[in-house]
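Structure record follows, encoded as structure tokens.
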Amino acid sequence: MKYWISEIFTSIQGEGEVIGRPSNFIRMAGCHLRCIWCDTKYSWLKTDGKEMELEEILQSINGLVTTTTITGGEPLLQDLEPLVSKLKEMEHFVIVETSGTVKPSARLRKIVDVFSVSPKLSNAGFKLHYNLKDDWATYYKFVIVEPRRDLREVLALVNEQGVNPSKVIVQPDGNRKDYEKALRELADTVSEMRLPYRVLPQLHRILKYR
């Protein structure tokens, strides 16, 4: 089995409910979206990555770290079942980070520990129509650029799709140079609007990690 890979590295998980965990990162190459604020544009094209055999990928990760995050790009554009199955045989805790535009297979849903789903708001530069009603995500993570406007859009989507508000995480745009100010603005606006969503930072932005 071969995969198109953008990069493999080990770092600290910076986002969502798994924030702070040491993790291997397997970044898949190829994405069908073109978010204007994307910070991994180098992973958009499959051919900008490297084709790697499954065993080569497994040999490239840090064996002392037993959390592995499969990210992208959009990882669900490739068949992840063989890769995740091997990682689970190695007793890894597996996280898949996805836009939620490609639904995982029934088997993949059973063997992945965490699906971190990041639905794209119109601040990404386009408007998508999501169907989240089968609720396969572990949690939903939204990038907020303009807090009041974007949070209204999150609220509308959550209400329309029947998403459990306890699964919703909002975080500021990681491209902001004044990141701490952006985080404060977001937290203040969530409080002012009396929304029940969790406000979390991108830890790697604060720590200046990749």
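The values are calculated or read from the model by the stated rules, or taken from the named source; none is laboratory data. Keep in mind that this is a model prediction, so the values were computed, not measured. All Cβ positions, even for glycine, are placed from backbone atoms using ideal geometry, and neighbour counts span all protein chains on display.
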Would a scan of region 133-146 turn up a residue that is among the basic types (K, R) and touching a residue at least 60 places away in the same chain (Cβ under 8 Å)? yes
Whether any residue in region 174-185 is more than 30 Å from E81 (Cβ to Cβ), in a helix (DSSP H, G or I) and in contact with a helix residue (DSSP H, G or I) (Cβ under 7 Å, 6 or more places away or on another chain) is what I want to check. yes
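Conditions (1) touching a strand residue (DSSP E or B) at 6+ places or on another chain (Cβ under 7 Å); (2) farther than 21 Å from K41 by Cα; (3) β-branched (V, I, T), marked per residue:
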{"position": "L128", "(1), (2), (3)": "no, no, no"}
{"position": "Y139", "(1), (2), (3)": "yes, yes, no"}
{"position": "K167", "(1), (2), (3)": "yes, yes, no"}
{"position": "T189", "(1), (2), (3)": "no, yes, yes"}
Tell me which residues, restricted to region 1-21, are over 23 Å from L207 (Cα atoms) and among the β-branched types (V, I, T). I5
Please enumerate the residues belonging to region 148-162 that are touching a Leu at 6+ places or on another chain (Cβ under 6 Å) and surrounded by 20 or more Cβ atoms within 10 Å (Cβ to Cβ). D150
Determine if region 171-178 includes at least one residue that is out of contact with any Leu (no Cβ under 8 Å at 6 or more places or on another chain), modelled with pLDDT of 95 or more, surrounded by fewer than 15 Cβ atoms within 10 Å (Cβ to Cβ) and of a type in the set (D, E, K, R). no
Spot the failing condition for M52; the list is (1) among the aliphatic types (A, V, I, L, M); (2) within 28 Å of Y130 (Cα to Cα); (3) in contact with a Lys or Arg (Cβ under 7 Å, 6 or more places away or on another chain), and only one is missed. (2)
Of K120, K141, the only residue that is under 20 Å from G162 (Cα atoms), among the basic types (K, R) and in a strand (DSSP E or B) is K141
Can you name the number of the only condition in (1) out of contact with any strand residue (DSSP E or B) (no Cβ under 7 Å at 6 or more places or on another chain); (2) modelled with pLDDT of 95 or more that K133 fails? (2)
So which of V94, V168, V145 is of a type in the set (V, I, T) and surrounded by fewer than 19 Cβ atoms within 10 Å (Cβ to Cβ)? V145
